[in-house]
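Participant: Once you've had a glance at the structure underneath, I'll fire off some questions.
Please treat every number below as a calculation from the coordinates, not as lab data. Owing to the predicted nature of the structure, the values given are computational and were not obtained by experimental measurement. Quick reminder, even Gly has a Cβ in these numbers, built from the backbone with ideal geometry, and neighbours come from all protein chains shown.
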Amino acid sequence: MDFVKNIKDKAIAAPKRLVLPEASDKRILKAARIIIDERIASSVTLLGKITDVQKDAKAEGVNLDGINIICPESDSRLEKYSGLFYELRKHKGMTPEQAKIDILDPLRWGAMMVHLGEADTMVGGADRTTGDMLRAGLSIIGTVPGLKTASSCFVMTGMDSQYGNGSLIFSDCAVVPNPTAEQLADIAESAANSCREFLHNEPVVALLSFSTKGSANHDDVTKVQTAVNILKERKPNFIFDGELQADAALVPSVTDKKAPGSPVKGKVNTIIFPDLNAGNIGYKLVQRLGKVQAYGPFLQGFAKPISDLSRGASVDDIVTTCAVTLSRVK
């Protein structure tokens, strides 16, 4: 599966509106030009001081034709945005005065554009932390109804076709360090949705552990067992099982031995790690030792799609992440 080509084709087929809040970063300027030229988005809006953006673009040889620029400090929507942000956060002690200051943060401004439907999605984090992106998204856009947890996934492609037809979703590998049982259940639901969006397959989800069906007794095992029970109570519309060791999830002969009758036998395409240690180590081992392509991390669980960038992202990385995020807009 050519993941990047398929994703770009999907975004081009139904182009949406993108806001990039970090216009001061030259990589963002170059990516914005490519996104417009390749028609990956119907519009691109940069956030920053207009004269500074124009100066930086000229220095980098970037043509800004067809690209919108908004300066939050002088924009006519400042009062509206700050008022809405105050209403969203007053239960946390926010004051109108502080809301007017805080909404000028480009990440919050971009999130408000998405929240209000003035943009379809936002991609940020080129020079801000993942925590900054999460706080902006959670405080304004919020999570999918019924879920409380924002998390992430990687799309792992180029592996043996016996595993998920060559592509798997790995989650969570970048956001929640030590999820509770309820958070694990949320992560599983979000990852199942990501499987449908990215792999175009019905999700078959395995919640991993160092134990299979009670073979070990430990608090970490109990947490995964509890997450599975929470999912059973929710009755989601996908196949899942746990707690399972990785071989019991992926190898049918081992499934038969360790978890006979498991509904995921030989069909797993979505893997849920018990914590960030396991997830981060796991995806990097598969990527490096298996020579597998790892795309992401992509944020999941938000009410509207937004994405975080690595601060070391290349221009191509930014374009790909924007295409992925745009392709998720309903």
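Participant: So what's the back-of-envelope 222 nm ellipticity for the chain, counting only DSSP H runs of four-plus at -39500 (n - 2.57) apiece and dividing by all residues, rounded to 500?
Facilitator: About -13500 deg cm²/dmol.
Participant: Still on this structure, please answer the following. Straight-line reach from LYS55: which lysines fall under 17 Å, measuring Cα to Cα and dropping same-chain residues less than 8 apart?
Facilitator: Hits, sequence-local ones excluded: LYS26, LYS30.
Participant: I want to check the label-to-label distance for ASN201 and LYS235. Put each point 7 Å from Cα in the C-beta direction and report it in nm to one decimal.
Facilitator: Going from the ASN201 label point to the LYS235 one covers 2.7 nm.
Participant: Additional query: On average over all directions, what projected area in square nanometres does the chain have, based on the convex hull of its Cα atoms?
Facilitator: Mean projected area for the chain: 17.1 nm², to one decimal.
Participant: Hey, another quick one. Compute the distance from the alpha-carbon center of region 111-182 to that of region 244-260, in whole Å.
Facilitator: 29
Participant: Can you classify region 151-295 as rounded, prolate or oblate using the Cα gyration tensor, where a ≥ b ≥ c are the square roots of its eigenvalues, rounded means a/c under 1.5, and otherwise it's prolate if a/b beats b/c and oblate if not?
Facilitator: rounded
Participant: Another question, if that's okay. Once you keep just the Cα pairs under 8 angstrom separated by 6 or more residues, what percentage relative contact order results for the chain?
Facilitator: With pairs under 8 Å counted, the relative contact order is 23 percent.
Participant: Restricting to the chain, what percent of DSSP beta bridges are antiparallel, rounded to 5? List each step's numbers first, then the result.
Facilitator: Details: 12 of 34 bridges.
The antiparallel proportion sits near 35 percent.
Participant: To continue, here is another question. Give, in nm to one decimal, the length gained when the segment between ILE101 and ASP75 is fully stretched (0.36 nm per residue of separation minus the Cα-Cα distance).
Facilitator: Length gained between ILE101 and ASP75: 8.0 nm.
Participant: Go through region 168-185 residue by residue and turn each phi into a ³J(HN,Hα) via Karplus (6.51, -1.76, 1.60, θ = phi - 60°); whole Hz please, and just put x for glycine and proline.
Facilitator: Once rounded to whole Hz, the list reads 9, 9, 10, 7, 9, 10, 8, 10, 9, x, 9, x, 6, 4, 5, 5, 4, 5.
Participant: Follow-up question, since we're still on this one. Summing +1 for each Lys or Arg and -1 for each Asp or Glu, what net charge is found among the other residues whose Cβ lies under 12 Å from the Cβ of ASN68?
Facilitator: Here the count lands on -2.
Participant: In the structure shown, do any of LYS258/LYS291; LYS90/LYS223; LYS232/LYS304; LYS5/LYS304; LYS100/LYS235 have a Cα-Cα gap over 32 Å, and if so which?
Facilitator: LYS90/LYS223; LYS100/LYS235
Participant: Net charge around LYS30, counting only other residues with Cβ within less than 12 Å of its Cβ (Lys, Arg = +1; Asp, Glu = -1)?
Facilitator: Neighbourhood net charge equals -3.
Participant: Another question, then. Below 21 Å, Cα to Cα, which lysines can LYS257 reach? Residues fewer than 8 away in the same chain don't count.
Facilitator: LYS213, LYS265, LYS267
Participant: Here's a follow-up. Any idea what the dipole of the chain comes to, in debye rounded to 20, about its Cα centre with Lys/Arg Cβ at +1 and Asp/Glu Cβ at -1?
Facilitator: 340
Participant: I'd like the projected area of region 150-219, averaged over all directions, using the convex hull of its alpha carbons. Report it in nm² with one decimal.
Facilitator: 5.5
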